[in-house]
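Working notes, structure below.
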Amino acid sequence: MASSLRSLSKAREFARTRISRFIPWTFFDSSLHSHATSFGFKEVHEEEKSKMVSDVFRKVASNYDIMNDLMSVGLHRLWKDKLVSKLTPFHGMKHLDVAGGTGDIAFRVLERINNVSRTATEGRVPEVENETQVYVCDINVDMLNVGKKRAHERGYDRLNYLHWVEGDAEALSFEDCSMDAYTIAFGIRNVTHIEQALAEAYRVLKRGGRFLCLELSHVEMPVFKQIYDCYSFSVIPSLGKLVADDKESYQYLVESIRRFPSQEKFAGMISAAGFEKVEHENLVGGVVSIHSGVKF
């Protein structure tokens, strides 16, 4: 028993030592509470952040899928399945997926709609293009190009109800009250003004429309948190260097998670944007969280 306690104590001390090498003391300064001008642990001008984030995703686009598999040990696929399951897509819906350039969420939505429609028509493939519309919006052209390539490989490039749109989450080009659902996966922490992105989500949704957000979040269990932090700051940037020859971009991605609001605070921001029935579900102890809300 005493030996086990000593081992646990050593593990905790190792984690604290490793993490302190990467996290500047300014991160723990309560005065640095604004996420609007943060780029990872750095404080930057608002007009700089958008370009810096765009540069990150331009660099990681070609290796985005393989790095997601490596960093999450493939779990990101299950998390996205869970998101779409909560969404319950339906035939004839107008769906907007923001920061979804690679098409991961949009493809799942289309597959779910087609499966539901096929079941309803007893095996006959339904004609959905005149009603269903799925829009993939991303500010980064490189990420959109990855999605379009994947769509071509799946035969989705022939669909006239799947649309690729270059656009900013903070200034969407879609009309008011035009969408049945809005999703954003692993993207909202990268916008400059989260409140503005939430306001835009609320604006474009119809009454009764649903907002769902899948995002890397905050682990609360102390021992697990220390292990997770050690993995994040030591392993993930090294994987980025090894696989993509880009340690800095993945260092930013890790840091941006720590600057993102807690689950409770983010839920409050969603409510403040006007959404009701706001709730969240933690997955893997809070490594990721799915937030949802409804526009009434």
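The values are calculated or read from the model by the stated rules, or taken from the named source; none is laboratory data. Here the structure is a predicted model, which means the values were calculated and not measured. Don't worry about glycine lacking a Cβ; one is built from the backbone with ideal geometry, like all the others, and counts go over all protein chains shown. These area figures cover heavy atoms from the full protein model, side chains too; ligands, DNA and RNA do not enter into them. Shrake-Rupley method; radii C 1.70, N 1.55, O 1.52, S 1.80 Å.
Some notes on this structure:
- Ranked by the mean number of other Cβ atoms within 10 Å of their residues, highest first, the peptides 160-171, 86-97 fall in the order 86-97, 160-171.
- Length gained on full extension, residue 271 to residue 178: 31.4 nm, using 0.36 nm per residue less the C-alpha separation.
- Given 59/149; 80/148; 49/86; 51/277; 51/148, the pairs whose alpha carbons are separated by over 24 Å: 49/86; 51/277
- Accessible surface, the stretch 62-107, averaged per residue in Å² (probe 1.4 Å): 37
- Difference of contour (0.36 nm per residue) and Cα-Cα distance, residue 85 to residue 52: 8.6 nm
- Stretched out straight at 0.36 nm per residue, the stretch from residue 282 to residue 231 would grow longer than its current Cα-Cα span by 16.4 nm.
- Excluding ligands, DNA and RNA, the accessible surface per residue across the stretch 217-259 is 45 Å² with a 1.4 Å probe.
- Ligands, DNA and RNA left out, the 1.4 Å accessible surface of the stretch 146-296 is 53% carbon and sulfur atoms.
- Here the spin labels are modelled as points 7 Å beyond Cα on the Cα-Cβ line, and at residue 159 and residue 296 they lie 3.3 nm apart.
- Our Cα-only numbers for the stretch 233-276 put the radius of gyration and Dmax at 15.3, 44 Å.
- Counting only residues at least eight positions apart within a chain, or on another chain, the aspartates and glutamates with an alpha carbon under 19 Å from that of residue 82 are 65, 69, 97, 104, 111, 180, 215, 279, 281.
- Charge context of residue 282, other residues only, Cβ under 12 angstrom, K/R +1, D/E -1: -4
- For residue 138, net neighbour charge (Lys/Arg +1, Asp/Glu -1) across residues whose Cβ lies under 10 Å away: -4
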